[in-house]
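No lab work stands behind these numbers, since they all come straight from the coordinates. Worth saying up front: this structure is predicted, and the values here are computed from it rather than measured. Backbone-built Cβ (ideal geometry, glycine too); neighbour counts: all protein chains shown.
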Amino acid sequence: MPKKQQKETQAEQSARFKAEVQKLIDAGELSHTEAEDALDKLVRQSKAG
């Protein structure tokens, strides 16, 4: 049986996400510039489609 997921508020989820992203940036596994470029590309594609 799958484990029941914890309920988180939006603020708690956002804080957890930001902390995980910062860990990736600190480890050199995520580039802020590359992430911004990827997000811009996704937004442009969604507007065009």
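Counting only residues that are surrounded by 10 or more Cβ atoms within 10 Å (Cβ to Cβ) and among the β-branched types (Val, Ile, Thr), region 18-36 holds 2 of them. Please work out if LEU39 is surrounded by 10 or more Cβ atoms within 10 Å (Cβ to Cβ) and touching a helix residue (DSSP H, G or I) at 6+ places or on another chain (Cβ under 6 Å). No, not satisfied. Six or more apart or on different chains, Cβ under 7 Å: which pairs go from a residue in region 13-24 that's closer than 14 Å to ALA35 by Cα to one that's surrounded by 11 or more Cβ atoms within 10 Å (Cβ to Cβ)? Could you list them? Going by the 7 Å Cβ cut-off, the qualifying pairs are VAL21/LEU30; LEU24/LEU30.
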